[in-house]
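Worksheet: the structure to be examined is printed underneath.
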Amino acid sequence: QVQLVESGGGLVQAGGSLRLSCAASGSAFSSHAMGWFRQAPGKEREFVAAVSWSGDSTYYADSVKGRFTISRENAKNTVYLQMNALKHEDTAVYYCAASWSAEAIVARGIMYWGQGTQVTVSS
C-alpha cells in the first residue's frame with residue numbers, strides 16, 4: 001500500500017512558476033512509477049506527466065511538453081512537478097499517481113491516487 005500526499009499548489013499569475021511535490025509513504029516507493037494528472041472543473045481527469053521508477057524515462061502530455069518537468073528523489077520518497085510558463089488553462093486540481101510502470105500511468109492504469117492540490121493561474 002502506498003499513500004500519496006500532494007503539496008505546493010496555489011495561486012500564480014500567468015507566466016509564473018510553481019513546483020508541486022508528492023510525498024509517498026508505505027511500501028517500496030522506489031519500485032513504483034509515478035505521475036501527475038489534472039482535472040479542471042467540468043472536465044475529465046487528464047494525464048500530465050509520468051516518470052519511471054528509476055527516473056530514467058519520462059512522458060508528458062503535449063499540452064505541457066517543454067513547460068513542465070517531472071522528477072523524483074527516491075531517497076526522499078518524493079516526486080516533483082516543476083511547472084513553468086503557466087497558462088490560465090493549466091488551472092486544475094493536480095493529482096499524484098503511482099503505478100507499476102510509467103507506460104501504465106500514461107494508459108491510466110493507476111494503482112494509487114493522492115487527494116489532489118489546487119493550482120489556479122490568473123490571466
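The values are calculated or read from the model by the stated rules, or taken from the named source; none is laboratory data. Given the structure is predicted, the values throughout are model-derived calculations rather than measurements. Positions of Cβ are backbone-derived with ideal geometry, glycine not excepted, and every protein chain shown enters the neighbour counts. Surface areas here come from the heavy atoms of the whole protein model, side chains and all, with no ligands, DNA or RNA. Shrake-Rupley method; radii C 1.70, N 1.55, O 1.52, S 1.80 Å.
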The relative contact order of the chain, taking Cα pairs under 8 Å that sit 6 or more residues apart, comes to a percentage of 35
Computed about the Cα centre, the charge dipole of the chain from +1 Lys/Arg and -1 Asp/Glu charges at the Cβ has a magnitude in debye, to the nearest 20, of 140
Looking at region 40-116 only, what percent of DSSP beta bridges run antiparallel? Nearest 5 please. 100
Each residue of region 19-26 in turn: what ³J(HN,Hα) in whole Hz from Karplus with 6.51, -1.76, 1.60 and θ = phi - 60°, glycine and Pro shown as x? 10, 8, 10, 9, 9, 10, 10, x
Those residues of region 5-44 whose amide nitrogen sits under 20 Å from the label point placed on Y112, 7 Å along Cα→Cβ: 5-9, 20-38
Please calculate how many Å² of accessible area the chain carries per residue, with a 1.4 Å probe and no DNA, RNA or ligand atoms counted. 49
Cleavage-rule hits (trypsin sites (Lys or Arg not before Pro)) in region 42-85: DSSP loop, at most 13 neighbouring Cβ within 10 angstrom: K43, K65
How do H32, H88 stack up against each other in accessible area, from largest to smallest, with a 1.4 angstrom probe? H88, H32
Carbon and sulfur atoms account, in whole percent of the 1.4 Å probe accessible area of region 53-123, for 49
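Let me check something: with ligands and nucleic acids excluded, how do M111, M34 order by accessible area (1.4 Å probe), largest to smallest?
Reading off the accessible areas and sorting them downward yields M111, M34.
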Charge dipole (the chain, unit charges on Cβ, about Cα centre) - positive-most of A75, G15, A92: G15
Tell me which of G55, I105, G42 sits at the most positive position along the dipole axis of the chain, charges placed on C-beta atoms (Lys, Arg +1; Asp, Glu -1). G42
